[in-house]
Every structure is written in structure tokens, then in C-alpha cells.
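The values are calculated or read from the model by the stated rules, or taken from the named source; none is laboratory data. Everything numeric here is computed off the predicted structure, so don't read it as measured data. Positions of Cβ are generated from backbone atoms using ideal geometry, with glycine treated the same way; all protein chains shown enter the neighbour counts.
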Amino acid sequence: MVVIRTSRELALMKEACRISANALKLAGTAVQPGVSTLEIDNLVRKYIEKEGATPSFLGYGGFPGSACISVNNVVIHGIPSKKCILKEGDIVSVDVGAFIDGFHGDNAYTFPCGKISPEAQALLDATKESLYEGIKAALAGNRIGDIGSAVQKYVEDRSYSVVRDFVGHGVGAKLHEDPAVPNYGTPGRGVRLVPGMTIAIEPMVTAGDYHVKVLDDEWTTVTVDGSLAAHFEHSVAITADGPKILTIPD
Ligand code: MG
């Protein structure tokens, strides 16, 4: 069931989204050669808790971290680890959410670790831009398929692929709510967007083909062909005045 939120609820949700965005920004400052993904996770958890919020992902379905930290060919759901030490040239996707006042925020960004290859930078640029193309299509009166097709077209025009097995989602009182928000689709199809809906739009883009697999730890999701992957996400409210990005840092 798709939930429509009141302006009061949206105001409350903004705080969870603000903390989520600050946590993500903080994680980005820690992405440097020699740093472990567990150190970044600890930083994120401490910040979220200092704000009086709870890390949305910690314990979610048994996930052991406060952030998903996914390096290079890991698309999503990388488990923070002291054994995973970042190196110059890595691309590092951090996905983090915070829960406070009854609401979740959810956002992700792929950070370069030191100097990265032009090919990796181009993938990051295209994925980030595809998120904004999706957000631009998140207009009241449009449908979910308009978002997905906008993302997909932008990505595929640049010869990258959008992951099919994982999608964006409604976000609010629960971390994952209806509707599903795929990064592919057909214009004019799917659930109609109405003011008060809050959704997480999150393109997951690969440099190779779109097939992914989940490793034996039941979380880490990698590209089957070993190609690089990037992931950018914002929590967005559908309003009568157009899409409003909620996950904005201070
Ligand atoms: Mg999400």
C-alpha cells in the first residue's frame, strides 16, 4: 500500500533525512587510501547516535553494519569490515539511513578513493546524473515508469547498464515501503505519483552488463562480469510544486 504523508509528517521526515545526508557526507570525507570500511561504518554510527537517531540499516534483516559500503565491483550491501582496506583508485559506494521521530531517511553516494581512472569517473558522473534525471521525472501526475525510463535512457545512452534485481522504494515510517521504484521501465506505466508520496530513487549502474549475484554472506552483491558499479540515492517527496529532495546535508 502506498502511503500519502501530511505536511507535518514530511516535516518530521526531513530531520531523519538531514541526519542521513550528514552521515553520508561524513562517510565521504573518510574515504581515503588505507582506511578500512569498518572505520567508516563506526564514524557513521557514532554520528547518527550523537544526533539521537538510530542507524536504519543496523540489524535490518540481520545486517551487521550501520552503512552498506560497496567497493568497485560490489554493487550494494557491502558489509563493513576491518579487512576491507581502501586503496587509491577504488570507487566506494556508501548507503546509509537514519531513523528518528518515527521516520527513516535513506541515501547513497559513490565516492572516489584518491585519484581514480577516467573510466571510473565517467561511470560515477553518469550514475549521479541519472539519479537527477529520475528525480526530474518524479512529478505529481507522472507514473513510476516515468522515473525508471528516465534513469534507464540516460544510463543506456552512455552504454552502461541498470541493475534489474534491486530497485528503489517508498521510504518513510518503514525503511522499505511500496511502491517499488525500478531504475528501468516504460513511460506512463505503473503507480501514479501523487503529492505526499516519499520515495527513494537509487540508480545502481554497471559498466558491464546488468547481471548481479549475491555472495555466500547473503548480503554482498557483485556484478557477475566483474565490472565496476556505482550507486547514488536520494529520498524524495512528491509535492504539488515538483519533486523535493529530502536528503540534503547541513
Ligand atoms: Mg534505499
query: If we scan the stretch 55-63, do we find a residue that is at pLDDT 95 or above, of a type outside the set (S, T, N, Q), surrounded by fewer than 16 Cβ atoms within 10 Å (Cβ to Cβ) and away from the ligand (no atom under 14 Å from the Cβ)?
result: yes
task: Select from the stretch 74-89 the residues that are more than 13 Å from Leu38 (Cβ to Cβ) and either of a type in the set (Phe, Trp, Tyr) or surrounded by fewer than 20 Cβ atoms within 10 Å (Cβ to Cβ) (or both) and list them in ascending order.
output: Lys87, Glu88, Gly89
task: Could you list, in sequence order, all residues of the stretch 155-180 that are in a loop (DSSP other than H, G, I, E, B) and more than 10 Å from the ligand (Cβ to nearest atom)?
output: Asp157, Arg158, Ser159, Tyr160, Val163, Arg164, Asp165, Gly172, Ala173, Lys174
query: Can you spot a residue in the stretch 169-183 that is under 20 Å from Thr110 (Cα atoms) and either free of Cβ contacts under 8 Å to residues at least 24 places away in the same chain or touching a Lys or Arg at 6+ places or on another chain (Cβ under 6 Å) (or both)?
result: no
query: When the stretch 114-132 is examined, which residues are found to be crowded, with 19+ Cβ neighbours inside 10 Å and over 14 Å from Leu228 (Cα atoms)?
result: Ser130, Leu131
message: Residue under question is Ala120, and the condition is that it be in contact with a strand residue (DSSP E or B) (Cβ under 6 Å, 6 or more places away or on another chain) and either within 13 Å of the ligand (Cβ to nearest atom) or part of a loop (DSSP other than H, G, I, E, B) (or both); does it hold?
response: no
message: It is to be established whether one or more residues within the stretch 86-105 are assigned to a helix (DSSP H, G or I) and more than 14 Å from the ligand (Cβ to nearest atom).
response: no
Pair list, Cβ under 8 Å, 6 or more apart: the stretch 5-19 residue touching a residue at least 40 places away in the same chain (Cβ under 8 Å), other residue among the polar types (S, T, N, Q): Arg5/Thr198; Leu10/Thr198; Met13/Thr198; Met13/Ser235; Cys17/Asn107; Cys17/Ser235; Cys17/Thr247; Arg18/Thr247
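Okay, residues lined up against (1) within 24 Å of Gly28 (Cα to Cα); (2) over 16 Å from the mean Cα position of the chain (by Cα):
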position	(1), (2)
Lys153	no, yes
Asp157	no, yes
Asp165	no, no
Val205	yes, no
Ser227	yes, yes
Glu233	yes, no
Thr247	yes, no
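Looking at Val205, Val194, Val236 in this structure, which one is more than 15 Å from Met13 (Cβ to Cβ) and part of a strand (DSSP E or B)?
On the way: Val194 fails: part of a strand (DSSP E or B); Val236 fails: more than 15 Å from Met13 (Cβ to Cβ).
Checking each option against the conditions leaves just Val205.
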message: Every residue in the stretch 64-79 that is over 21 Å from Val205 (Cα atoms) and more than 16 Å from the ligand (Cβ to nearest atom), please.
response: Pro64
task: Please verify whether the stretch 176-185 includes one or more residues that are buried (at least 17 other Cβ atoms within 10 Å of the Cβ), out of contact with any His (no Cβ under 9 Å at 6 or more places or on another chain), farther than 25 Å from Ser20 by Cβ and of a type in the set (S, T, N, Q).
output: no
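Starting from residues that are within 15 Å of the ligand (Cβ to nearest atom) and among the aliphatic types (A, V, I, L, M), keep the ones in the stretch 133-143 and report whichever is surrounded by the fewest Cβ atoms within 10 Å (Cβ to Cβ).
Filtering the stretch 133-143 down to residues within 15 Å of the ligand (Cβ to nearest atom) leaves 134-135, 138.
Among the residues that remain, those that are also among the aliphatic types (A, V, I, L, M) are: 135, 138.
Details: Ile135: 20, Ala138: 25.
This residue is Ile135.
Test Glu156 against the criterion of being of a type in the set (Asp, Glu) and more than 26 Å from Phe57 (Cβ to Cβ), and give yes or no. Please lay out each step first, then the result.
Working: of a type in the set (Asp, Glu): yes; more than 26 Å from Phe57 (Cβ to Cβ): yes.
Here the answer is yes, as Glu156 does meet what is asked.
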query: Does the stretch 208-226 contain any residue that is farther than 21 Å from Ile79 by Cα, surrounded by fewer than 22 Cβ atoms within 10 Å (Cβ to Cβ) and more than 16 Å from the ligand (Cβ to nearest atom)?
result: yes
